[in-house]
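**Student:** Have a look at the structure that comes next, please.
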Amino acid sequence: MARVTFVGLGRMGRGMAGRLLGAGHDLVVVNRTESRADDLVARGADRAATAREAVDGADAVVVMVSDDEASRSVWLGPDGVLAGEPAPGTLALDCSTLSHGWLLELAGAARRGGLRFLDCPVTGLPDAAAAGELTLLVGADPGDLAAARP
């Protein structure tokens, strides 16, 4: 299975990360409030202090945060994903609901960093996230989308 970094364990992210763990992926989780990861760590996930630390060796990085400001911090901050050393070709998925302007900036930064970027905001509620019943609205280069499929 893949090694996946999941950043953002709020109402939606926790359920999404739980589904990845339940599917057998090697999961590394990051959240500002560390206790939000306790149940996932008890189930076998690894906890990282920062996104920068968590991306080493990841096949994919999934971010699910509240808004543009949080997304910018997680991706571009000093302890963010792009400050780390994700391998070239790593899948970078942002499932947050973001503004068009920030999304274009983020996609460019991720690609310049050698990542395959997918914009995939979701529809559904936390219960649907935990049940694996979200709908992802994916925008990506066709080759990057193909690489993300099982």
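Every read-out reported here was derived from the displayed coordinates using simple, explicitly stated rules and does not represent laboratory data. All values derive from a computational prediction rather than experimental measurement. Here the Cβ positions follow ideal geometry from the backbone for every residue, glycine too, while neighbour counts run over all protein chains shown.
**Student:** Whole-Hz Karplus ³J(HN,Hα) for segment 108-124, in order, using 6.51 cos²θ - 1.76 cosθ + 1.60 and θ = phi - 60°, x for Gly and Pro?
**Tutor:** Once rounded to whole Hz, the list reads x, 5, 5, 5, 4, x, x, 8, 9, 9, 10, 8, 9, x, 10, 10, x.
**Student:** In terms of the ratio Rg/(2.2 N^0.38 Å) built on C-alpha atoms, what value belongs to segment 27-73? Mind dumping the intermediate values first?
**Tutor:** Values: Rg = 10.9 Å, N = 47, 2.2 N^0.38 = 9.5 Å.
My calculation over the Cα atoms of segment 27-73 gives 1.15.
**Student:** A further question follows. Compute the relative contact order of segment 43-150 as a whole-number percentage, counting only Cα pairs closer than 8 Å that sit 6 or more residues apart in sequence.
**Tutor:** 22
**Student:** I would also like to ask the following. Rounded to the nearest 5, what % of the DSSP beta bridges within the chain are antiparallel ones?
**Tutor:** Within the chain, antiparallel bridges account for around 15 percent of the total.
**Student:** Moving on. Taking amide hydrogens as modeled 1.01 Å from N in the peptide plane, which residues meet the under 5 Å criterion relative to Leu27, leaving out close sequence neighbours?
**Tutor:** Placed amide hydrogens put Val4, Asp46 under 5 Å from Leu27.
**Student:** Additional query: If packing is taken as the mean number of other Cβ atoms within 10 Å per residue, what is the order of 40-50, 17-27, highest first?
**Tutor:** Highest-to-lowest ranking by the protection proxy: 17-27, 40-50.
**Student:** Round to the nearest 0.05 the FRET efficiency obtained for Thr135 and Arg11 when R0 = 22 Å and r is the Cβ-Cβ distance. Mind dumping the intermediate values first?
**Tutor:** Numbers: r = 17 Å, r/R0 = 0.75.
For R0 = 22 Å, the calculated efficiency reads 0.85.
**Student:** Compute the normalised compactness of the chain: alpha-carbon radius of gyration over 2.2 N^0.38 Å, N being the residue count.
**Tutor:** Relative to the rule-of-thumb radius for its length, the chain sits at 0.93.
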